[in-house]
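Remarks on the structure that follows.
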Amino acid sequence: MKKGILPYILFPASAVAVGAISSVITNGSFDRFSHLRQPPLSPPEWLFPIVWTILYIMMGVAAARVYRSAQPGSDRALALYCIQLFLAFLWPIIFFKFEARLVALIELGVLIILIIRTMMKFLRIDKSAGLMLLPYMLWSLFAFYLNAATLYLNG
């Protein structure tokens, strides 16, 4: 087991930074989105940064737990984590900035598969770490619904 608190700072901070950079890139794109027909169950816009910040922190803590465990397979699990984190970074850029809703939907489908795979690998290494990804997976499934419904309602 790797010791120290530093992973519990660096992993969550890097995950939050990924979300923040993506947000900066998409800044101003939300105005166009707010004029689109919204699907039922669409949450208010102010909720998204709160939820995503919590999810990114949980993802980072989960990754730190896997990193500190030094269990066999943890390197592969963390590599998969990094790949899905990169796709999470790309989705809002594709959806909001480029308004490529179909491409975003496909990308989000791939992301959800990778989240599930990451969660399964984390569960094998550290049960708590795997369970920490469950809210992220559920929110991503909800985002898939919102993406698909927005595509359907707005062409």
Exercise. Taking interchain pairs and intrachain pairs at least six residues apart, which have beta carbon atoms under 8 angstrom, with the first residue in the range 132-155 and more than 16 Å from Ser34 (Cβ to Cβ) and the second in a helix (DSSP H, G or I) and polar (S, T, N, Q)?
Worked result: Leu133/Thr118
For this session: Please tell me if Phe11 is surrounded by 14 or more Cβ atoms within 10 Å (Cβ to Cβ), of a type outside the set (Val, Ile, Thr), modelled with pLDDT under 95 and assigned to a helix (DSSP H, G or I).
Result: no
For this session: Go through the range 124-138 residue by residue and tally those that are within 10 Å of the chain's Cα centre (by Cα) and either charged (D, E, K, R) or surrounded by 20 or more Cβ atoms within 10 Å (Cβ to Cβ) (or both).
Result: 2
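Per-residue answers, yes or no, for (1) under 25 Å from Ala13 (Cβ atoms); (2) more than 11 Å from the chain's Cα centre (by Cα):
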position: Val66; (1), (2): yes, yes
position: Ser69; (1), (2): yes, yes
position: Leu80; (1), (2): yes, yes
position: Arg101; (1), (2): no, yes
position: Ser140; (1), (2): yes, no
Exercise. When both residues are 6+ apart or on different chains and their Cβ atoms are under 9 Å apart, which pairs have a first residue that lies in the range 103-122 and is of a type in the set (Lys, Arg), and a second that is part of a helix (DSSP H, G or I) and surrounded by 21 or more Cβ atoms within 10 Å (Cβ to Cβ)?
Worked result: Arg117/Gln84; Lys121/Val66; Lys121/Ser74; Lys121/Ala77; Lys121/Tyr81
Exercise. Looking only at the range 82-99, which residues are within 20 Å of Leu134 (Cα to Cα) and either more than 17 Å from the chain's Cα centre (by Cα) or acidic (Asp, Glu) (or both)?
Worked result: none
Exercise. List pairs: first in the range 1-20 and closer than 16 Å to Arg68 by Cβ and in contact (Cβ under 8 Å) with a residue 12 or more places away in the chain, second of a type outside the set (A, V, I, L, M, F, W, C) and assigned to a loop (DSSP other than H, G, I, E, B), Cβ under 9 Å, 6+ apart or cross-chain?
Worked result: Met1/Gln71
For this session: Exactly one condition in (1) surrounded by fewer than 14 Cβ atoms within 10 Å (Cβ to Cβ); (2) modelled with pLDDT under 95 is not met by Arg76; state its number.
Result: (2)
Exercise. Could you give every pair whose Cβ atoms fall below 8 Å, whose first residue belongs to the range 31-55 and is in a loop (DSSP other than H, G, I, E, B), and whose second residue is polar (S, T, N, Q), counting only separations of at least 6 or pairs across chains?
Worked result: Leu36/Thr150; Leu36/Asn154; Arg37/Thr150; Arg37/Asn154; Gln38/Thr150; Pro39/Thr150; Glu45/Ser34
Exercise. Of the residues that sit in the range 57-75 and are part of a helix (DSSP H, G or I) and out of contact with any Leu (no Cβ under 9 Å at 6 or more places or on another chain), which one is farthest from Ser128 (Cα to Cα)?
Worked result: Asp75
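The values are calculated or read from the model by the stated rules, or taken from the named source; none is laboratory data. Remember, it's a predicted structure, so these values are computed and weren't measured experimentally. So basically every Cβ, Gly included, is an ideal-geometry build from the backbone, and we count neighbours across all protein chains shown.
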